[in-house]
Amino acid sequence: MAGSKFGSFKSEKGSSAGAAAGAGAAAQRRDPYEVLGVGRNATEQEIKSAFRRMALKYHPDKNADDPVASDKFQEATFSYNILSDPDKRRQYDSSGFEAIEADSQELELDLSSLNTVNTVFAALFSKLGVPIKTTVSATVLEEALNGSVGISQLELGQSVFRKVEKQSAHFYSVDITDKEAKMGLVCRVQSTAKSKFKLLYFEPEENGGLSLALQEDSVKTGKVTSAGMFFLGFPVYRFEQNNSVAAAKDPDSAFFKRLDGFQPCEVNELKAGTHFFAVYGDNFFKSATYNIEVVCAEPFSTEKEKLRCVEAKILAKRSELSKFESEYREVLAKFTEMTSRYAQEMQTIDELLKERNAIHASYTNNTTLQRSSSSNKGKTSSKESKSDDDQTVKKEKKSKSKSMEGSRSDDDGPRKEKKPKERLRRKKWFNIHLKVDKRRPC
């Protein structure tokens, strides 16, 4: 794991040293090509091999008490992360470290070298969508290079289900004939438990050991995680997903760069003989369950042609996206300009109409009156007149009702005197207690 010394472009003396110190720290960095010992025209495979040699030599597991080895390992890791990324490598070749200074470096972590606390943090960040690349444990690579790993024989067409511990690997050997090599070979690994793993391909060394040549990380496809290697005699491409965090920040750029991760595999065909594969457990805490199968591509001739055809279409679409991006950016800029102009034109029209209304209101001999005050006064005066009219109507209604009540009182004077008598009589009538003599028949 690369530390802070090679993970940022700040000076080692601290931020108080200022911009000059930062520039000095950048100037002290060695050329990544020089660090890894490769030329500027080195292939991706040559860069990977050089980094793995240095990682095995200077890994902290083998040099726990050697700070010089730790610095060299960090420097090699930082250099590899620049040269292994096509975009960063192109930026560095054109403008040096300054071109990639603002970009965050996605470092590859060896989980076996992390303590429990750091592993927990790495797992949490991974759950939150932060891209964390992991590398194969240096211990596993060293054991393979020394030829001290156990290898299981795997027959063509045979499917094997196993469980591998975290940061450990299961090695398999497969024998193929000239005919099978010519027809092509496919190795696929799946995990129904959605475990994280790496599919590895090793090449034999002269000393009998194995060196890592190819690596495919598992990806989630539907309800499983899977990885595959296709040796079909023609260029087959791998597809690396974009950074989800960067996609959330700029979805447009993420869309147009979506097919940038569509890159050709380093090895397209195998020769007759024995070949070595491995499945590496890449979970943070638990073991990985998987199913591995190696098949000859002879019965899958139709699928071979379909794969060749669809990948050709993807390559054509990638070139189309590059042209479409420039058109899209141009139209988007024009649309932004038009929406801004729309808002400005609307504001201008409102101001002109307001000015016109003010000019209309200025046609009066009373120069002290303003349009707003006149309109307000007009409103208040109308309200006051309405309130006065309402009050007069109410007063008239009250006077009429009083006069009518007075006339009624004059006409109904004697009736008022009779009413209480009738009420009394009624009360008396209702208060009469009827006594029935039971001895007299009715």
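Things to note:
- Looking only at region 195-226, and only at residues there that are assigned to a loop (DSSP other than H, G, I, E, B) and of a type in the set (Asp, Glu), the one that is most open to solvent (accessible area, probe 1.4 Å): GLU206
- Which listed residue is of a type in the set (Phe, Trp, Tyr), under 28 Å from HIS170 (Cα atoms) and open to solvent by 30 Å² or more (accessible area, probe 1.4 Å), from PHE324, PHE255, PHE300, PHE231: PHE300
- Single unsatisfied condition, ALA138 versus (1) crowded, with 20+ Cβ neighbours inside 10 Å; (2) touching a Cys at 6+ places or on another chain (Cβ under 7 Å); (3) of a type in the set (Gly, Ala, Ser): (2)
- Long-range neighbours under 6 Å by Cβ, at least six apart or interchain, first residue over 20 Å from PHE78 (Cβ atoms) within region 132-143, second surrounded by fewer than 21 Cβ atoms within 10 Å (Cβ to Cβ): GLU142/LEU56; GLU143/VAL149
- Selection within region 252-299 - in a strand (DSSP E or B) and either over 19 Å from PHE231 (Cα atoms) or at pLDDT below 90 (or both): PHE262, GLN263, PRO264, TYR280, GLY281, ALA288, THR289, TYR290, ASN291
- With respect to (1) over 24 Å from LYS306 (Cα atoms); (2) assigned to a strand (DSSP E or B); (3) of a type in the set (A, V, I, L, M), the lone exception for MET229 is condition (1).
- Residue within region 335-355 that is free of Cβ contacts under 8 Å to residues at least 60 places away in the same chain, of a type outside the set (Asp, Glu), within 30 Å of MET183 (Cβ to Cβ) and part of a helix (DSSP H, G or I) present: no
- Among (1) touching a strand residue (DSSP E or B) at 6+ places or on another chain (Cβ under 9 Å); (2) of a type in the set (S, T, N, Q); (3) surrounded by fewer than 13 Cβ atoms within 10 Å (Cβ to Cβ), the one test that SER287 misses: (3)
- Comparison of LYS317, LYS271, LYS220 shows that the only residue that is more than 30 Å from ALA169 (Cα to Cα) and either touching a residue at least 24 places away in the same chain (Cβ under 8 Å) or in contact with a Phe, Trp or Tyr (Cβ under 8 Å, 6 or more places away or on another chain) (or both) is LYS317.
The values are calculated or read from the model by the stated rules, or taken from the named source; none is laboratory data. Because the structure is a prediction, the values reported are computed rather than measured. In this analysis, Cβ positions are derived from the backbone assuming ideal geometry, glycine residues included, and neighbour counts consider all displayed protein chains. Please note that ligands, DNA and RNA were not included when accessible areas were found on the heavy atoms of the full protein model with its side chains. Shrake-Rupley method; radii C 1.70, N 1.55, O 1.52, S 1.80 Å.
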